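Chemist: The structure follows.
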Amino acid sequence: MSISKAVNRNVTSQNSVEKRLQIQHLIGATQIVASSIGSDVVKGLTQTSKSLPPCYFYDDRGSELFEQICDLPEYYLTRTETTILQQFAGEIANITGVCELVELGSGSSTKTRILLDAYQQLGYPLHYLPIDVCAGILESSAKQLLRDYPLLQVYALAGTYELALAKLLPTQLPSRMIGFIGSSLGNLTPHECDVFFSQITEALQVGEYFLLGIDLRKPKQILEPAYNDSQGVTAAFNLNMLEHLNQQFDGNFDTMQFEHWAFYNESEHQIEMHLRSTRSQIVELRALNLKVNFALGETILTEISRKFDLDTIKQQLTAQGLLPLQVWTDPNQWFGLLLCQMQASSKSEYASYI
């Protein structure tokens, strides 16, 4: 092939990608300070037991570190869920039929490819709507998918789940499936879980689908190493949250003065991830007009990761109108993947339920 033909082919391919990609930015950098996210930071750092919203893990660097975590030998979650998807993606596609795929917390969309392949093999049109707070990884992963799937259409939303779910337009395909895979449900408290499920039911029409991945309960000897890896990647991921806050809110956190601490709370059935101050210190976030005092050994709770009982979560979903049609697990019963369908009376029932 001549150089000119190669250049023309690359230009044509790039134009094709651009035509099949739309990205809507729901939160701009200047809006974040004035949003409830900034208020959450103030609230979390001024309460007796300090905490921070997990969304602050995911700037570009944090997203890169999380992708590395997913490949760690101790981190069983990603490879276990991936194995389940590889085995049952065809069954999922057969149950849902032609549908638009919406993914919350899409990241690099690695596991999404397994679902796209399953729908593609059935000859179905491919419409993908990824949602992520990190606009950088959202755009780069979407463009790579479009290069690899010539018939794919992508409409991406950069923002929080709450904002994005409220902005969903009716799908042009016969149905829609919202995917929340990767065990991220475990980052929500029980009350936040109820609110989240209500947002899902509001975003779905009767008969549409919800695909949920959950990490199941297991001994702490398996759980704790997944959050304390030998290479220190999870520690770097946790500490990067402070760098993200520095950038967003003109802060002066010194990551050398904090350390990563993660453990399994057996009574609550959850991993708790903290940042622990290694000295007495004062930290300032100037854009929020906030000064925070830390005592030696004082911690910031940055994430919980709840571990679920399969029967209990099925009951909770059913009570809110999301009927589990099929549940798949791995041979060790370490991870669960649930395909639910929106029921006709769910919205009115949920209104009375809360």
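Chemist: How much length is gained if the chain between LEU301 and ALA344 is pulled fully straight, taking 0.36 nm per residue apart and subtracting their Cα-Cα distance, in nm to one decimal? List each step's numbers first, then the result.
Modeler: On the way: separation 43, 0.36 × 43 = 15.48 nm, distance 3.91 nm.
Fully extending the segment from LEU301 to ALA344 adds 11.6 nm.
Chemist: Go through GLU202, GLU81, GLU67 and list them by solvent-accessible area, largest first, probe radius 1.4 Å. All intermediate terms of the calculation are to be shown ahead of the outcome.
Modeler: On the way: GLU202 125, GLU81 0, GLU67 55 Å².
So, going from the largest accessible area down, we get GLU202, GLU67, GLU81.
Chemist: For a protection proxy built on the mean count of beta-carbon atoms within 10 angstrom, sort 138-151, 240-253, 173-186 highest first, please.
Modeler: On the way: 138-151: 17.4, 240-253: 19.0, 173-186: 21.3.
Result, highest mean first: 173-186, 240-253, 138-151.
Chemist: Quick one: length gained pulling LEU151 to VAL327 fully straight, 0.36 nm per residue minus the C-alpha distance?
Modeler: On the way: separation 176, 0.36 × 176 = 63.36 nm, distance 3.00 nm.
Additional length available on full extension: 60.4 nm.
Chemist: Let me ask you something else. Expressed as a whole number of Å, what is the distance separating the alpha-carbon centroids of the stretch 186-213 and the stretch 95-172?
Modeler: A separation of 18 Å, based on Cα centres.
Chemist: Right, here's the next one. Stretch ASP71-ARG276 to full length: gain in nm at 0.36 nm per residue minus the Cα-Cα span? Present the calculation step by step, with values, prior to reporting the outcome.
Modeler: Numbers: separation 205, 0.36 × 205 = 73.80 nm, distance 2.57 nm.
The ASP71-ARG276 span can extend by a further 71.2 nm.
Chemist: Please report, as a whole percent, how much of the solvent-accessible surface of the chain comes from carbon and sulfur atoms (probe radius 1.4 Å). Can you show the working numbers first?
Modeler: Values: 8120 of 16330 Å².
After summing per-atom areas, the C and S share lands at 50 percent.
Chemist: Using a 1.4 Å probe, what is the accessible area per residue for the stretch 122-198, in Å²? Kindly include the intermediate steps, with their values, before the conclusion.
Modeler: Working: 3130 Å² over 77 residues.
Result: 41 Å² per residue.
Chemist: Set the Förster distance to 51 Å, then compute FRET efficiency between ALA287 and GLN121 from the Cβ-Cβ distance, nearest 0.05. Provide the component values of the computation, followed by the final result.
Modeler: Numbers: r = 49 Å, r/R0 = 0.97.
The formula returns an efficiency of 0.55 here.
Chemist: Taking the Cα centre of the chain as the origin, how large is its charge dipole in debye, to the nearest 20, when only Lys and Arg (+1) and Asp and Glu (-1) carry charge on their Cβ atoms? Walk me through the numbers on the way to the answer.
Modeler: Details: 25 positive and 38 negative charges, 148 e Å.
Computed about the Cα centre, the dipole is about 700 debye.
Chemist: Here's another thing I want to ask about it. Grab the DSSP H runs of the chain that are 4 residues or longer, score each as -39,500 (n - 2.57), total them, divide by all residues and round the 222 nm result to the nearest 500 deg cm²/dmol. Write out the running numbers ahead of the final one.
Modeler: Working: 13 runs with 153 residues, N = 354.
It comes out at -13500 deg cm²/dmol, rounded to the nearest 500.
Chemist: Nearest 0.05, what FRET efficiency do HIS25 and LEU169 give at R0 = 22 Å with Cβ-Cβ as r? Spell out each step's value before the answer.
Modeler: Details: r = 16 Å, r/R0 = 0.73.
About 0.85, to the nearest 0.05.
Chemist: Hey, another quick one. At a probe radius of 1.4 Å, what is the per-residue accessible area of PHE66, in Å² to the nearest 10?
Modeler: Rounded to the nearest 10, that gives 50 Å².
Chemist: Also, quick follow-up: Taking the simple approach of a point 7 Å from Cα along Cα-to-Cβ for both ASP60 and LYS43, what is their distance in nm?
Modeler: Once both label points are built, they end up 3.1 nm from each other.
Chemist: Separate question: What FRET efficiency do you get for THR110 and GLU192 if R0 is 25 Å and r is their Cβ-Cβ distance, rounded to the nearest 0.05? Write out the running numbers ahead of the final one.
Modeler: Working: r = 26 Å, r/R0 = 1.04.
Here the calculated transfer efficiency is 0.45.
The values are calculated or read from the model by the stated rules, or taken from the named source; none is laboratory data. Everything numeric here is computed off the predicted structure, so don't read it as measured data. Methodologically, a virtual Cβ is constructed for each residue, glycine included, from the backbone with ideal geometry; neighbour enumeration extends over all protein chains shown. We work out accessible area using only protein heavy atoms, side chains counted, and drop any ligands, DNA or RNA first. Shrake-Rupley method; radii C 1.70, N 1.55, O 1.52, S 1.80 Å.
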